[in-house]
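The values are calculated or read from the model by the stated rules, or taken from the named source; none is laboratory data. Here the structure is a predicted model, which means the values were calculated and not measured. In this analysis, Cβ positions are derived from the backbone assuming ideal geometry, glycine residues included, and neighbour counts consider all displayed protein chains.
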Amino acid sequence: MTTSASHAELLPATRRALLHRIAVAQAEGRAPSLTAAVVRGGKAVWHGARSCVEGNEPDENVQYRIGSITKTFTAVLVLRLRDEGLLDLGDPLEKHLPGTGVGEVTVAGLLAHTGGLAAESPGPWWERTDGELRPELADVLGEQPFRHPVGRRFHYSNPGYTVLGTLVERLRGAPWEDVLRQEVLVPLGLDRTGGRPTAPHAGGWAVHPWADALLPEPAQDLGRMAPAGQLWSTTADLAKFAAFLAHGDDRVLCARSVREMRTPAAPSEAADVAEGAAYGLGMQIQHRDGRLLVGHSGSLPGFLANLAISVEDDVAAVVLANCTSGPLTATVGADLVRIVAEAEPRIPEPWRPLREVDPAVLELTGQWYWGTYGFGLRLTADGLLSLEPLSGRGRRSRFRANGDGGWTGLEGYYAGESLRAVRRPDGSVSHLDVGSFVFTRQPYDEHAPVPGGVDAEGWRGIR
């Protein structure tokens, strides 16, 4: 096993538990090599590796192919175009890339795999054949590109991300990989990430399912399909990328936009709901052992990869292996996050009060009722209003001030909805209007405009 100097930031017992997990994965998964990294607080704090060749364990700078983690990089480029105002996620593809035959699909639909496009390109298996067999976008999409109605269901589509790569090229006027290097790789310092391997890099292998024997896998240039899975990278570079996906970086994409990438954007199938899985904008979302993880998995012949992030724990893991099948890298990545999060739980920031208190906002805090449901409205140190059901169950949301006396919901049922205080002629608060719902200080307050009115005789017992 190789280690890095940053190991000192984790406790010895935690480091041993991480080593044990990847050692089991490499041995039981029969991987020629497996390398992993853990990120905490935005920095790599551990690196470990196992290899079938003693003394030849890869360090954090050895390249592996990362497959569909490439899609997350492509999604970042598209979100940058949106943030610059060059496109809207609701735009049909035809507006920016006419003549493809799939013009009714929206940009968001391509990002979230809801465009109805086929999972694979027609012809020979694109992952194991030269990209020159598919020189044009029409070769990738084929004569029948759709498998489902547009926007109706999640259906993972590799050609869909090829389309997004072509969209980036059209709007930037440069090849996808050149744009990626200039706008993402260089600013984030991902010096060992690119479309072609540079030494030192791992070779890809197939392991015989019934014998401990190896077969080398071809490393094909995917050509047009590159935006769906071409990239090579390292655990060191992907650790930096994980930190970016958790926190954002204004040089590339702000925190709000990366948070949007991590938000479910596709309808889930029944099986996905049962497994706690969803998909955002270029990012997979899943619940494992009560923990929400975001990131992406990847595979190409000869390689397996996974990037998993727990934003709440501020812990991420990267796992790379050089075999076609074997170790379940997604499970390993989730386990590495869990080991660190449980063994060394995140220390919360100290509680600090507001710097300034607006009396008009403070007046709104306390107990409110929607009909007979009780809610508490709290003003938090970050300047948000938090509406929470007193029973612990029900609709809840935080609200951000608009600057005009109103507030906008940030999550849940009230996301995007307005909260405003309605005042009487004397300036006192009559009630809250929350997305048209009337919240009153008393249940069905007779002095407030409760929809449908309040019975004149008031509350009573059984007669």
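Just a few scattered comments:
- Residue match in region 65-78 (condition: assigned to a strand (DSSP E or B) and modelled with pLDDT of 95 or more): yes
- Positions within region 264-279 being small (Gly, Ala, Ser) and out of contact with any strand residue (DSSP E or B) (no Cβ under 7 Å at 6 or more places or on another chain), in sequence order: 270, 271, 274
- Residues that are β-branched (Val, Ile, Thr), at pLDDT 90 or above and closer than 30 Å to residue 41 by Cβ do not occur anywhere in region 360-376.
- All told, residue 394 falls short of being closer than 30 Å to residue 231 by Cα and within 27 Å of the chain's Cα centre (by Cα).
- Residue within region 363-371 that is touching a Leu at 6+ places or on another chain (Cβ under 7 Å) and aliphatic (A, V, I, L, M) present: yes
- Residue count for region 292-326 satisfying the condition of being polar (S, T, N, Q), surrounded by fewer than 24 Cβ atoms within 10 Å (Cβ to Cβ) and part of a strand (DSSP E or B): 3.
- Scanning region 348-389 for residues that are under 30 Å from the mean Cα position of the chain (by Cα) and not assigned by TED's automatic domain parsing to the domain that holds residue 418 gives 348, 349, 350, 351, 352.
- Unique residue being part of a loop (DSSP other than H, G, I, E, B), assigned by TED's automatic domain parsing to the domain that holds residue 88, surrounded by fewer than 17 Cβ atoms within 10 Å (Cβ to Cβ) and within 26 Å of the chain's Cα centre (by Cα) when the list is 192, 170, 153: 153
- Residue within region 257-271 that is among the charged types (D, E, K, R), surrounded by 20 or more Cβ atoms within 10 Å (Cβ to Cβ), closer than 18 Å to residue 42 by Cβ and under 14 Å from the mean Cα position of the chain (by Cα) present: yes
- Within the option set 75, 49, 44, 36, being under 16 Å from residue 200 (Cβ atoms), assigned by TED's automatic domain parsing to the domain that holds residue 246 and not basic (Lys, Arg) holds for one residue only, 49.
- In region 273-291, the residues that are in a strand (DSSP E or B) and over 26 Å from residue 204 (Cα atoms): 277, 278, 279, 285, 286, 287, 288, 291
- On inspection, residue 348 fails the criterion of being part of a loop (DSSP other than H, G, I, E, B) and either hydroxyl-bearing (Ser, Thr, Tyr) or closer than 27 Å to residue 235 by Cα (or both).
- If only residues of region 85-122 that are of a type in the set (D, E, K, R) and in a loop (DSSP other than H, G, I, E, B) are counted, the one that is surrounded by the most Cβ atoms within 10 Å (Cβ to Cβ) is 120.
- Answer from 222, 253 - the residue that is under 21 Å from residue 410 (Cβ atoms) and in contact with a helix residue (DSSP H, G or I) (Cβ under 6 Å, 6 or more places away or on another chain): 253
- Residue check for residue 246: in a loop (DSSP other than H, G, I, E, B) and either without any contact (Cβ under 8 Å) to a residue 24 or more places away in the chain or in the same structural domain as residue 134 (by TED's automatic domain parsing) (or both): no
- Residue count for region 340-356, restricted to those that are among the β-branched types (Val, Ile, Thr) and surrounded by 10 or more Cβ atoms within 10 Å (Cβ to Cβ): 1
- Among residues of region 279-320, those that are small (Gly, Ala, Ser), over 15 Å from residue 72 (Cβ atoms) and without any contact (Cβ under 8 Å) to a residue 60 or more places away in the chain, counted: 2
- Of all residues in region 210-243, those that are more than 25 Å from residue 310 (Cβ to Cβ), assigned to a loop (DSSP other than H, G, I, E, B) and touching a residue at least 40 places away in the same chain (Cβ under 8 Å) total 8.
- Residues of region 123-150 satisfying the condition of being in contact with a Leu (Cβ under 8 Å, 6 or more places away or on another chain), buried (at least 17 other Cβ atoms within 10 Å of the Cβ) and assigned to a loop (DSSP other than H, G, I, E, B): 145
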